[in-house]
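Step one of this worksheet: look at the structure below.
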Amino acid sequence: MKGTNKCGIWRPLLPALFLLVCLFMTATTTVQGQTPVSEAQQNYNWKSIDDAKGILKAHVELLNSQMPGYTPGTPMYENGVRRVAYYKAIMYEIERGETLPKSLENALPAAATLGYTKEASYTSKVVLRALHEEARVMLVN
């Protein structure tokens with residue numbers, strides 16, 4: 001009687017355990033096989049430097065014209081300041097001779113700190129990634 005209970009409990013669980021082990025093994029191998037691809041490794045068709053500067057300048061002027069309508073300290077106001085700081089920092093990096101992908105990366109600290117007015121950990125990484133992606137889409141043909 002003891003032998004039947006022992007085998008009776010484990011026998012139905014064996015297929016489920018086998019499938020669970022297989023699932024973990026395949027998940028581990030796929031995660032190890034994935035490597036992040038940086039912007040420099042991806043082949044985007046970037047706009048020319050002159051076009052990029054014109055687009056960024058137009059966005060800064062548009063945002064600056066909208067800023068008086070925002071209440072300081074609100075999320076709308078801070079997002080406007082963040083974008084203006086980021087776009088100006090990108091233009092600065094371009095003037096220094098950096099490529100467009102490198103300029104987008106180098107300018108992120110200006111966006112993270114609202115133009116260097118707050119401490120460096122002020123803006124979340126999710127917001128910075130979204131802002132970086134927004135600028136990339138804007139500057140790619």
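Which residue is farthest from residue 137 (Cα to Cα), if the candidates are limited to segment 64-112 and must be hydroxyl-bearing (Ser, Thr, Tyr) and surrounded by fewer than 18 Cβ atoms within 10 Å (Cβ to Cβ)? Let's see the steps before the verdict.
So in segment 64-112, the residues hydroxyl-bearing (Ser, Thr, Tyr) come out as 65, 70-71, 74, 77, 86-87, 92, 99, 103.
Checking the rest, the ones that are also surrounded by fewer than 18 Cβ atoms within 10 Å (Cβ to Cβ) come to 65, 70-71, 74, 77, 92, 99.
Numbers: 65: 23, 70: 26, 71: 28, 74: 26, 77: 23, 92: 19, 99: 15 Å.
Among those residues, the one meeting the criterion is 71.
Does residue 20 qualify as being surrounded by 11 or more Cβ atoms within 10 Å (Cβ to Cβ) and at pLDDT 65 or above? Can you show your working first?
On the way: surrounded by 11 or more Cβ atoms within 10 Å (Cβ to Cβ): yes; at pLDDT 65 or above: no.
Considered against the rule, which asks whether it is surrounded by 11 or more Cβ atoms within 10 Å (Cβ to Cβ) and at pLDDT 65 or above, residue 20 comes out as no.
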Can you list residue pairs whose Cβ atoms sit under 8 Å apart, with the first residue in segment 50-63 being touching a residue at least 12 places away in the same chain (Cβ under 8 Å) and the second being exposed (fewer than 13 other Cβ atoms within 10 Å of the Cβ)? Count only pairs 6 or more apart in sequence or on different chains.
none
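Give me the helices (runs of 4 or more DSSP H) completely within segment 76-141, filtered to those with at least 3 residues that are small (Gly, Ala, Ser) and on the phi < 0 side of the Ramachandran plot, ordered by residue number. Working first, answer last.
Values: elements: 100-106, 108-112, 125-139.
Answer list for segment 76-141: 108-112.
Does residue 85 satisfy being free of Cβ contacts under 8 Å to residues at least 60 places away in the same chain and in contact with a Gly (Cβ under 7 Å, 6 or more places away or on another chain)?
Working: free of Cβ contacts under 8 Å to residues at least 60 places away in the same chain: yes; in contact with a Gly (Cβ under 7 Å, 6 or more places away or on another chain): yes.
Yes; evaluated as a whole, the condition is true for this residue.
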The listed residue being under 21 Å from residue 97 (Cβ atoms), modelled with pLDDT under 60 and not assigned by TED's automatic domain parsing to the domain that holds residue 78, out of 40, 27
40
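Can you find even one residue in segment 43-52 that is loosely packed, with under 10 Cβ neighbours inside 10 Å, modelled with pLDDT under 90 and either touching a strand residue (DSSP E or B) at 6+ places or on another chain (Cβ under 9 Å) or not acidic (Asp, Glu) (or both)?
First, the residues of segment 43-52 that are loosely packed, with under 10 Cβ neighbours inside 10 Å: 43, 45, 50.
Retained after the next criterion (residues that are modelled with pLDDT under 90): 43.
Subsequent filtering for residues that are either touching a strand residue (DSSP E or B) at 6+ places or on another chain (Cβ under 9 Å) or not acidic (Asp, Glu) (or both) retains 43.
The answer is yes; a qualifying residue exists.
The values are calculated or read from the model by the stated rules, or taken from the named source; none is laboratory data. The shown structure was predicted, so the numbers you read here are calculated from the model rather than taken from an experiment. We place every Cβ from the backbone using ideal geometry, glycine too, and count neighbours over all the protein chains shown.
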